[in-house]
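Notes to accompany the following structure.
The values are calculated or read from the model by the stated rules, or taken from the named source; none is laboratory data. As the structure is a computational prediction, the values presented were derived from the model and not from experiment. When we count neighbours, we look across all protein chains shown, and the Cβ atoms used for this are built from the backbone with ideal geometry, even at glycine.
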Amino acid sequence: WKMTLKNLGNLPVIPLPESFALTAAYSDDPFPNKVNLGQGVYPGDSKFLTKARELLFGPQIASSENIASLQTVAGTGANHLAAIFCARKLCPKNVFISDPTWDNHHLIWKEAAPNVTQKLYPYYDPSTRRLNFEGMLAKLESSAEENDVVILHACAHNPTGIDPTREQWKKIAEVVGRKKLFVVFDCAYQGFASGHADADAWAIREFYSMLFTESSSSSSTPAGMFVCQSLSKNFGLYGERIGALHLITPSSTSPEGARAHLVQLVRAEISCPSLFGARIVHTVLDDAELRSKWQEDVRIMALRIKSIRALLKSELERIGAQGDWCHIEQQIGMFSFTGLSSAQVQELREKHHIYMLSNGRMSLSGLNESNVVYVARAIKDVL
Ligand code: PMP
């Protein structure tokens, strides 16, 4: 079967893989002496999904019937599952990707969705070192067709560190709805932009409210939306590979049929998600004291990133490094798009043993009070 824009919501539910179905039936059976001889493995952690979903959407939206959630192999696994599902079931012509983006977006869509053409939408304007908002909207207006996919970074855009303003997000949502595009939100840094998980999920929640509630106009409702949620950075669980994929279908439709197809893809790919990271996340989010400690940790981490930005900028200015370095302080999240050329990046590496991506993206997690002076001097040297 092939899914189209019109029937993503309310798809008929396909049966669960047999061993999952057995466990579900076993769980529902009230008989006191019941025995489960069907399942060779544990079925994953549903409490994790409830908590992860609340963290992303807030408790009110999270309880909506038109959201289905699945545990994934971190944010990468969520992006991969979204790409496979879109490629095989929605069959869009194009996927629109920001220029530049996290390089793995290109690889994931190339490998998982070879039948979907990758197109870039302008995002970063090197001359102003700001968002090219007009260029971005104009590209979507002129080139995106109904059913096409657009990937958006929910906050702390990687690699540019530049996010749309709230007014700009509303305009993007309007275009996406009117053109009936399929949104894939990639949310890898919730909490690392502002220091507050709720504030960093604003764009996702706004898209939900504008496009997927009862009051959304049906003429401007997209077929659906995915949110790829990574918990690798904000929970310090990078090695556990923990994340989730959330599917939102138009209001008053059920995502259960589509969810059943996603379950089938997960079954084929990883059989069952891993448990340890999921338990850590749900334990932290389920306990008021641990949760507030975690929130404080995330806030401190975001503040640390901001203060190291300020330090690098002031050090570059203090030593008279040529140019304007305000962008380093203005950018958001873990990365700074320095504006250094690939030749300068290479020189930094060869002459000063400083390593960063050739597009000039610097991860601020590698910078600290003891090495910032060395890095600033080296940057001045290669300018
Ligand atoms: N999306 C973006 C934009 C990212 O920067 C990253 C991590 N580098 C991911 C997704 C993947 O996250 P994870 O490590 O959880 O797979």
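Data overview
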| quantity | calculated |
| --- | --- |
| Residue match in the range 197-220 (condition: without any contact (Cβ under 8 Å) to a residue 24 or more places away in the chain, among the hydrophobic types (A, V, I, L, M, F, W, C) and more than 16 Å from the ligand (Cβ to nearest atom)) | yes |
| Residues being of a type in the set (Asp, Glu) and modelled with pLDDT under 95 - total across the range 190-230 | 1 |
| Hits in the range 171-193 - residues which are part of a loop (DSSP other than H, G, I, E, B) and over 19 Å from residue 228 (Cα atoms) | 179, 180 |
| Long-range neighbours under 6 Å by Cβ, at least six apart or interchain, first residue of a type in the set (Lys, Arg) within the range 306-334, second part of a loop (DSSP other than H, G, I, E, B) | 313/325 |
| Residue 133 being over 19 Å from the mean Cα position of the chain (by Cα), assigned by TED's automatic domain parsing to the domain that holds residue 11 and in contact (Cβ under 8 Å) with a residue 12 or more places away in the chain | yes |
| Residue under evaluation residue 267, criteria (1) out of contact with any Gly (no Cβ under 9 Å at 6 or more places or on another chain); (2) outside the structural domain of residue 68 (by TED's automatic domain parsing), criterion not met | (2) |
| Criterion: modelled with pLDDT of 95 or more, touching a Ser or Thr at 6+ places or on another chain (Cβ under 7 Å) and closer than 29 Å to residue 331 by Cβ - qualifying residue of 93, 119, 110, 139 | 119 |
| Matching residues in the range 238-277 - criterion: being closer than 19 Å to residue 154 by Cβ, surrounded by fewer than 20 Cβ atoms within 10 Å (Cβ to Cβ) and of a type in the set (A, V, I, L, M, F, W, C) | none |
| The range 99-114 residues that are in contact (Cβ under 8 Å) with a residue 12 or more places away in the chain, paired with ones that are among the β-branched types (Val, Ile, Thr) and away from the ligand (no atom under 14 Å from the Cβ) (beta carbon under 9 Å, 6 or more apart) | 105/95; 109/95; 109/116; 109/149; 112/84; 113/84; 113/95; 113/149 |
| Subset of the range 246-277 (residues that are small (Gly, Ala, Ser), closer than 24 Å to residue 65 by Cα and not in a loop (DSSP other than H, G, I, E, B)) | 257, 258, 260 |
| Set 300, 280, 305: member being exposed (fewer than 15 other Cβ atoms within 10 Å of the Cβ), in a helix (DSSP H, G or I) and under 22 Å from the mean Cα position of the chain (by Cα) | 300 |
| Meets criteria (within 16 Å of the ligand (Cβ to nearest atom) and of a type outside the set (Asp, Glu)) for residue 260 | no |
| Test: residue in the range 93-103 that is within 17 Å of the chain's Cα centre (by Cα), within 15 Å of the ligand (Cβ to nearest atom), hydrophobic (A, V, I, L, M, F, W, C) and part of a loop (DSSP other than H, G, I, E, B) | yes |
| Qualifying residue in the range 336-346 (condition: part of a helix (DSSP H, G or I), more than 19 Å from residue 229 (Cα to Cα), at pLDDT below 95 and touching a helix residue (DSSP H, G or I) at 6+ places or on another chain (Cβ under 6 Å)) | no |
| Of all residues in the range 63-92 being surrounded by 18 or more Cβ atoms within 10 Å (Cβ to Cβ) and in a loop (DSSP other than H, G, I, E, B), the one that is farthest from the ligand (Cβ to nearest atom) | 66 |
| Residues satisfying the stated conditions in the range 119-161, i.e. crowded, with 21+ Cβ neighbours inside 10 Å, within 16 Å of the ligand (Cβ to nearest atom) and among the hydrophobic types (A, V, I, L, M, F, W, C) | 149, 150, 151, 152, 154, 155, 156 |
| Odd one out for residue 194 among (1) within 15 Å of the ligand (Cβ to nearest atom); (2) out of contact with any strand residue (DSSP E or B) (no Cβ under 7 Å at 6 or more places or on another chain) | (1) |
